[in-house]
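Accompanying notes for the structure given below.
The values are calculated or read from the model by the stated rules, or taken from the named source; none is laboratory data. None of the values given here were measured: they were computed from a predicted structure. No Cβ is skipped: glycine too gets one built from the backbone with ideal geometry, and neighbour counts run over all protein chains shown.
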Ligand SMILES: Nc1ncnc2c1ncn2[C@@H]1O[C@H](COP(=O)(O)OP(=O)(O)O)[C@@H](O)[C@H]1O
Ligand SMILES: [Mg+2]
């Protein structure tokens, strides 16, 4: 496969001796909507952080957008800016991602760090606020918003950079049904729906969300990739889903 | 301010009140933080200055206050700080509530023993052969007044300037990236941490039936302190990573450029004789 956004070979990572990923070899094709599916603690967040160059593998190699992804590569300012512009990451917990005094500043933060011209930033923030229904909240401090609003601000503050690759850690965790539906709809119809070369990679343990958004699924269990394939075939494999604790132990019909 | 109503306090049962007081204090902190955002964006003398001029001027005053050997001069700087504050919507009542009481309580612990421990001429004899000495009184007064003055100046800066602008001003005044980065992280996660503390307190309280006795209240506070330490490290790392993920490399870029105008020059020029007088006395 030539056109991959990420290629991992034999990647391992541990937190102070606790293994989080072991020997992960994986090609993530461009232009797809990929779900990293796994129970709690299976290594989804760790994998996303490695893909975003926030942590680096202890063993193995990662290639991102055709170039090696390593601490040394990202130490170079130009490389780092290019990478951060092309790859966006929405954290699971919006509280760690929102640190600016107002929603407006929060959306402007990424473009400013990447040296966009000021007028372009003002225009882009205004459009983004409008598209995400945040205009009325523009001057509010983000850390005082509701959970669903925070999540929308976090997503908007990353999408404003118009990344080619969007990484999302548990985009619907801790949201009420309406807020979940709002985010899922934005991902279904918004990001990459117009441009075929956009890649969405998100983690979840929610099979409904996978069915609605993903066209490709990678199943993780205890830090290893145990299955991979088109959404329909992975979701049909109830034995696999039960074994990886994604479905309850007793026989209940699979969703989706 | 209605903060206390959020937690169930049990009047008359002192120890449970400890927990309620801590929760109330945290609520107060968050409330002040919201206040501060509004103040910093509002009208006022300090709010209208270039953050670089403000940071430099206030630091110069703080240095001079630390340096000076004259109690009268120190009192004058404090008076000047009150005037600056009042012209910026930060009146003496707010200063008393947010700084003076707290600082007096903390420095008092150190200053009170100094009254009798510093050797010198006895002013007021006390039992056990001790006496309040002139030198003791002087050093206690210095300690307290100096702490009050520097804390007041620092609060004026923070309340009249949006936090990212303080960081950017520090950078443009030559503070190294690493230092500014640490400050930036500390500020943001202190509030996430305060919220976490509140959650922890309320979660534990909700699991307890009946009233806490003194020992249980202390154990609760200790347990929470331990958990918080771990979480604070975790949050510091998380906030930092999330900034890096959006292109942050230790330099803060902001939408508005700083503009150094005539009033900034006037502010700094006015401070020069003040600082010189303090240092040269
Ligand atoms: N900061 C950390 N320190 C120590 N262990 C961690 C840390 N983050 C995750 N882990 C451990 O690594 C493993 C994988 O975690 P994670 O990638 O967060 O899984 P998931 O996102 O699928 O729930 C788990 O066993 C978890 O306990
Ligand atoms: Mg996770």
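Would you call residue A:155 within 14 Å of chain B (Cβ to nearest Cβ), within 16 Å of ligand 2 (Cβ to nearest atom) and under 15 Å from the mean Cα position of the chain (by Cα)?
no
Residue A:176: farther than 27 Å from residue B:257 by Cα, within 16 Å of ligand 1 (Cβ to nearest atom) and in contact (Cβ under 8 Å) with a residue 12 or more places away in the chain, yes or no?
no
Would you pick out the residues in region B:257-273 that are touching a residue at least 24 places away in the same chain (Cβ under 8 Å) and in a loop (DSSP other than H, G, I, E, B)?
B:258, B:259, B:260, B:261
May I ask you to list the residues in region B:136-176 that are closer than 17 Å to residue B:80 by Cβ, away from chain A (no Cβ under 14 Å) and crowded, with 18+ Cβ neighbours inside 10 Å?
Kept after step one, since they are closer than 17 Å to residue B:80 by Cβ, are these residues of region B:136-176: B:145-157, B:159-160.
Subsequent filtering for residues that are away from chain A (no Cβ under 14 Å) retains B:145-157.
B:145, B:146, B:147, B:148, B:149, B:150, B:151, B:152, B:153, B:155, B:156, B:157, listed by residue number.
Looking only at region A:39-68, count every residue that is more than 16 Å from ligand 2 (Cβ to nearest atom) and within 14 Å of chain B (Cβ to nearest Cβ) and tell me the total. Show your work before the answer.
Of region A:39-68, the ones more than 16 Å from ligand 2 (Cβ to nearest atom) are A:53, A:56-68.
If we keep only those that are within 14 Å of chain B (Cβ to nearest Cβ) as well, we get A:53, A:56, A:64.
The total comes to 3.
So that you can scan it fast, the table gives a plain yes or no per residue for (1) touching a residue at least 60 places away in the same chain (Cβ under 8 Å); (2) closer than 23 Å to residue B:64 by Cα; (3) not assigned by TED's automatic domain parsing to the domain that holds residue B:77:
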residue	(1), (2), (3)
B:103	no, yes, no
B:106	no, yes, no
B:128	no, no, no
B:132	no, no, no
B:150	yes, yes, no
B:156	yes, yes, no
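Looking at A:147, A:133, which one is more than 16 Å from ligand 2 (Cβ to nearest atom) and in contact (Cβ under 8 Å) with a residue 40 or more places away in the chain? Step through it out loud before you land on a result.
Details: A:133 fails: in contact (Cβ under 8 Å) with a residue 40 or more places away in the chain.
Answer to the selection: A:147.
I'd like to know if region A:159-166 contains one or more residues that are within 16 Å of ligand 1 (Cβ to nearest atom) and touching a residue at least 40 places away in the same chain (Cβ under 8 Å).
Looking through region A:159-166, none of the residues is within 16 Å of ligand 1 (Cβ to nearest atom) and touching a residue at least 40 places away in the same chain (Cβ under 8 Å).
Quick one: in region A:119-136, which of the residues that are in a helix (DSSP H, G or I) and over 22 Å from residue A:86 (Cβ atoms) is nearest to the chain's Cα centre (by Cα)?
Per the criteria, the residue is A:129.
More than 16 Å from ligand 2 (Cβ to nearest atom), away from chain B (no Cβ under 14 Å) and touching a strand residue (DSSP E or B) at 6+ places or on another chain (Cβ under 6 Å): is that true of residue A:217 in this structure?
Yes.
Looking only at region A:27-56, count every residue that is within 15 Å of ligand 1 (Cβ to nearest atom), over 13 Å from the mean Cα position of the chain (by Cα) and assigned to a strand (DSSP E or B) and tell me the total.
Of the residues in region A:27-56, 1 are within 15 Å of ligand 1 (Cβ to nearest atom), over 13 Å from the mean Cα position of the chain (by Cα) and assigned to a strand (DSSP E or B).
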